[in-house]
Amino acid sequence: MIIVMSQHASEDELMRVVEFVEERGLRTHISRGRQKTIVGVIGDKTNLQKEQLRVLPGVEDVVSIMKPYKLVSREFHPEDTVVEVNGIPIGGGQPVVIAGPCSVESEKQIVEVAQAVKERGAHLLRGGAYKPRTSPYSFQGLGEEGLRLLKKAKEETGLGIVTEVLEPNDVPLVAEYADMLQIGARNMQNYQLLKAVGKCQKPVLLKRGMSATLTEFLLSAEYILSEGNKQVVLCERGIRTFVDYSRNTLDLNIVPMVKQVSHLPIIVDPSHGTGRRDLVAAMAVAGIAAGADGLIIEVHTHPEMSWSDADQTLSPDEFELLMKRVNSLVEWQRNYDPINYSID
Ligand code: PEP
Ligand code: MN
């Protein structure tokens, strides 16, 4: 349920509404928009009638949220959320590029890749220290040593670190090193892990599960927000379909759809979304054109030697071309005036 305050409601009237709700054992969430202030109500509403709220001074309307997700819904929080990672705002209008190798392999590798992507305009560094691998025989990541190497790459370049956490018990350790905690596609419905990152105050990059619906995806984000962590960025990384030419199918429909129903930023991962180096740049541009708030791209100074996901990893030169294409689109979008725009 949301309580919409009238434009002229005073701070006292707002506080009285909050008190009224909380006295009945429910939680509130205030969202101060440019036009209006909204009070979101969370909890069991048996002892709270809309009619009681409607007559309180300063209340304009009381509306039920019909969707199963509440805190992540745009009704609850009409303004776009901006998540800041190492001083970089995600969702603020300027697309953010996270780039780096699939896995951290050595100090030389991660520092070289970090320098290469930074020079070409990346805003944040990715790199897995804990890897969720389909096969138990594949490289599983360097673990804590990988985290230390990421820290070294940050010291060398200033780029903030985005890295995956696989288990609830590892959250405090990974959070010590990371600027943003990634929840991988395979863990999107690992509810204990979602609760654990929800309790910590680090931004979270939540990747969509490979067969997750929009509702399931947003309910996973709801788990994190409901534990108190509001800094969540969604990531479309491709879903399983019947196509046989790419690893996954990048579902770009979800980008404008998420924008309609949620206030959370969403970025696109064309590396896992295609699984093919030759398709990554085109789908990166497509993601930004669809309205994504950023990209996450796998890059390696020797892509063919990557210890994981070699087939989809770009070289620095390929990444440079991708950045040029993305930047020219961003430039075009900046100059594009929807009112005066005409095709002739
Ligand atoms: C990754 O980012 O390297 C990764 C494992 O991604 P996903 O969880 O989307 O497969
Ligand atoms: Mn990968």
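If you go through region 69-87 and keep only what is in a strand (DSSP E or B) and more than 15 Å from ASP293 (Cα to Cα), you end up with just SER73. Which members of region 88-120 meet the condition of being within 15 Å of ligand 2 (Cβ to nearest atom), open to solvent by 10 Å² or more (accessible area, probe 1.4 Å) and part of a loop (DSSP other than H, G, I, E, B)? Matches in region 88-120: GLU105 only.
For region 26-68, the set of residues classified as among the aliphatic types (A, V, I, L, M), closer than 10 Å to ILE2 by Cα and within 26 Å of the chain's Cα centre (by Cα) consists of ILE30, ILE38, VAL39, VAL41, ILE42, ILE65, listed by residue number. For region 121-148, the tally of residues that are away from ligand 2 (no atom under 16 Å from the Cβ), more than 22 Å from the chain's Cα centre (by Cα) and either part of a helix (DSSP H, G or I) or under 20 Å from LEU159 (Cβ atoms) (or both) stands at 3. Applying the criterion of being in contact (Cβ under 8 Å) with a residue 60 or more places away in the chain and crowded, with 24+ Cβ neighbours inside 10 Å to the residues of region 204-217, the residue that is nearest to PRO68 (Cα to Cα) is LYS207.
Of the helices (runs of 4 or more DSSP H) entirely within region 229-344, those holding at least 3 residues that are closer than 28 Å to ILE110 by Cα, more than 16 Å from ligand 1 (Cβ to nearest atom) and open to solvent by less than 40 Å² (accessible area, probe 1.4 Å) occupy 277-289, 316-335. Could you check, for region 63-83, whether at least one of its residues is open to solvent by 50 Å² or more (accessible area, probe 1.4 Å) and in contact with a Pro (Cβ under 6 Å, 6 or more places away or on another chain)? Within region 63-83, one or more residues are open to solvent by 50 Å² or more (accessible area, probe 1.4 Å) and in contact with a Pro (Cβ under 6 Å, 6 or more places away or on another chain).
Scanning region 11-25 for residues that are modelled with pLDDT of 95 or more and not acidic (Asp, Glu) turns up LEU14, MET15, ARG16, VAL17, VAL18, PHE20, VAL21.
The values are calculated or read from the model by the stated rules, or taken from the named source; none is laboratory data. Keep in mind it's a predicted model, so treat the numbers as computed, not measured. FYI the Cβ positions are ideal-geometry reconstructions off the backbone, even for glycines, and counts take in every protein chain you see. Accessible surface is based on the protein model in full, side chains and every heavy atom, while ligands, DNA and RNA are left aside. Shrake-Rupley method; radii C 1.70, N 1.55, O 1.52, S 1.80 Å.
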